[in-house]
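Below is one structure, written out as structure tokens, with a few remarks after it.
The values are calculated or read from the model by the stated rules, or taken from the named source; none is laboratory data. None of the values given here were measured: they were computed from a predicted structure. Cβ placement follows ideal geometry from the backbone for every residue including glycine, while neighbour counts extend to all protein chains displayed.
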Amino acid sequence: MTIFRCPLCGGPLFEVPGGLRCPRGHRFDRAREGYVHLLPVGQKHSLSPGDDKAMVSARRAFLDRGWYAPLREELEHLAVKYTGGEPVVLDAGCGEGYYTQGVRQALLSAGKAPHAAGFDISKFAVQKAARRCPELDLAVASAYHMPVGDGAVDLLLNVFSPLAIEEFRRVLKKGGCYLYVVPAAKHLWELKEVLYDAPYPNEEKETPYEGFAYREIVPVSYTVHLSTQADIQALFQMTPYAWKTPGAGKARLAALPSLDCQIDFRVHIFQRES
């Protein structure tokens with residue numbers, strides 16, 4: 001069973017040997033890792049859109065060390081709280097599947113029967129996710145053109161990924177919930193102090209969206225002690241700062257023996273009204 005639909009005609013997709021096929025004959029082969037590629041050429045803005053291999057590898061190394069485990073645990077708690085017995089869960093921008101896998105396991109441990117799916121525009125990220133958790137329904141796809149039917153999803157996750165609110169509203173069932181994770185004011189503040197001469201805090205705001213009701217905003221804040229250059233560099237390389245930091249900032253970071261850094265998130269919980 002797959003939650004995904006044909007990205008070319010919108011028809012349902014059915015399992016066939018080696019992949020998926022819609023009634024109109026559009027076929028999508030499974031990669032050897034198990035995911036399907038549902039990103040038409042017309043929706044690609046580059047040859048390899050999304051995070052590259054280096055960023056994906058750095059993020060996996062950092063997440064696997066458990067530095068963001070408190071965030072994952074909070075998402076697991078919220079997923080159990082805001083779903084029924086057989087929820088369809090969709091991670092929009094699933095990356096390497098770290099949070100998707102955790103939420104699915106938490107729902108199973110709570111006695112529920114989830115169907116968990118995820119997609120990302122980065123082929124390299126989805127490859128890692130498929131290797132990490134082959135039990136997930138995974139695809140390469142765009143958040144702005146989700147290959148998912150209307151009202152098909154009970155719980156949608158969006159962790160540091162593009163905000164495609166019209167598509168989120170379309171795919172969520174009435175009463176379904178949307179967990180939106182954003183960096184709070186002091187997220188990675190000490191890292192930014194090393195990299196930049198005049199860092200500024202992230203903006204925090206509550207933004208209402210048509211068709212959604214706010215349920216709550218949950219803070220996740222703590223400090224990590226990164227005692228090796230490997231962990232410091234993994235954190236740096238998985239952020240957008242790796243693309244735009246001047247050489248002097250990179251040199252200062254490379255000279256650090258350790259780094260104590262604030263981790264500061266907000267989880268905004270919305271419920272689909274109509």
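For segment 224-261, what are the residues that are under 18 Å from M55 (Cα atoms), of a type in the set (A, V, I, L, M, F, W, C) and either surrounded by fewer than 14 Cβ atoms within 10 Å (Cβ to Cβ) or free of Cβ contacts under 8 Å to residues at least 24 places away in the same chain (or both)?
A230, W243, A254
Take the residues of segment 50-77 that are basic (K, R) and surrounded by 15 or more Cβ atoms within 10 Å (Cβ to Cβ): which is nearest to G97 (Cα to Cα)?
Looking at residues that are basic (K, R) and surrounded by 15 or more Cβ atoms within 10 Å (Cβ to Cβ), I get R60.
For segment 239-274, which residues satisfy the criterion of being modelled with pLDDT under 95 and under 30 Å from Y209 (Cβ atoms)?
T239, P240, Y241, W243, K244, E273, S274, listed by residue number.
For segment 17-33, which residues satisfy the criterion of being closer than 26 Å to F124 by Cβ and not basic (K, R)? Full working, then the answer.
Keep residues of segment 17-33 that are closer than 26 Å to F124 by Cβ, which gives 18-21, 26-33.
Selection gives G18, G19, L20, H26, F28, D29, A31, E33.
Kindly list the number of the only condition in (1) among the acidic types (D, E); (2) closer than 29 Å to L20 by Cα; (3) in contact (Cβ under 8 Å) with a residue 60 or more places away in the chain that fails for E204.
Looking at each condition in turn, E204 falls short on (2).
Which pairs do you get when a residue that is under 11 Å from Q233 (Cα atoms), found in segment 48-70, comes within reach of a residue that is in a helix (DSSP H, G or I), reach meaning Cβ atoms under 6 angstrom, with the pair 6+ apart or on two chains?
As it stands, the answer is A58/A234; A58/Q237; A61/A234; F62/A234; F62/L235, since those pairs meet every condition given.
Can Y222 be described as under 19 Å from Y99 (Cα atoms) and touching a helix residue (DSSP H, G or I) at 6+ places or on another chain (Cβ under 9 Å)?
yes
In segment 208-223, is there at least one residue being more than 30 Å from R169 (Cβ to Cβ), modelled with pLDDT of 95 or more and among the charged types (D, E, K, R)?
There is no residue in segment 208-223 that is more than 30 Å from R169 (Cβ to Cβ), modelled with pLDDT of 95 or more and among the charged types (D, E, K, R).
Condition check: modelled with pLDDT of 95 or more and touching a strand residue (DSSP E or B) at 6+ places or on another chain (Cβ under 6 Å). Does D120 satisfy that?
No, not satisfied.
Go through segment 228-274 and give me each residue that's of a type outside the set (S, T, Y), closer than 21 Å to A198 by Cα and in a loop (DSSP other than H, G, I, E, B).
P240, P246, A255, L256
Where residues in segment 56-88 are outside any loop (DSSP other than H, G, I, E, B) and among the charged types (D, E, K, R), which of them is nearest to K173 (Cα to Cα)?
Here is the first cut: in segment 56-88, the ones outside any loop (DSSP other than H, G, I, E, B) are 56-64, 69-81, 88.
Now narrow it down to the ones that are among the charged types (D, E, K, R): 59-60, 64, 72-74, 76, 81.
Numbers: R59: 31, R60: 31, D64: 33, R72: 24, E73: 24, E74: 23, E76: 20, K81: 17 Å.
The qualifying residue nearest to K173 (Cα to Cα) is K81.
Go through the residues of segment 123-140 one by one and say whether even a single one is closer than 19 Å to V267 by Cβ and not in a helix (DSSP H, G or I).
Within segment 123-140, none of the residues are closer than 19 Å to V267 by Cβ and not in a helix (DSSP H, G or I).
What is the residue count in segment 114-128 for residues that are touching a helix residue (DSSP H, G or I) at 6+ places or on another chain (Cβ under 7 Å), small (G, A, S) and closer than 18 Å to V88 by Cβ?
Number of matching residues: 2.
Taking segment 144-172, which residues are out of contact with any Asp or Glu (no Cβ under 9 Å at 6 or more places or on another chain), closer than 29 Å to T239 by Cα and part of a loop (DSSP other than H, G, I, E, B)?
P147, F160, P162, L163, A164
Take the residues of segment 146-194 that are in contact with a helix residue (DSSP H, G or I) (Cβ under 9 Å, 6 or more places away or on another chain) and at pLDDT below 95: which is nearest to Y68 (Cα to Cα)?
Going through the qualifying residues, I end up with S161.
Scan segment 138-156 and report the pairs whose first residue is farther than 23 Å from E33 by Cβ and whose second residue is of a type in the set (F, W, Y), with Cβ atoms within less than 7 Å and a gap of 6+ or a chain change.
L155/Y82; L156/F168; L156/Y178
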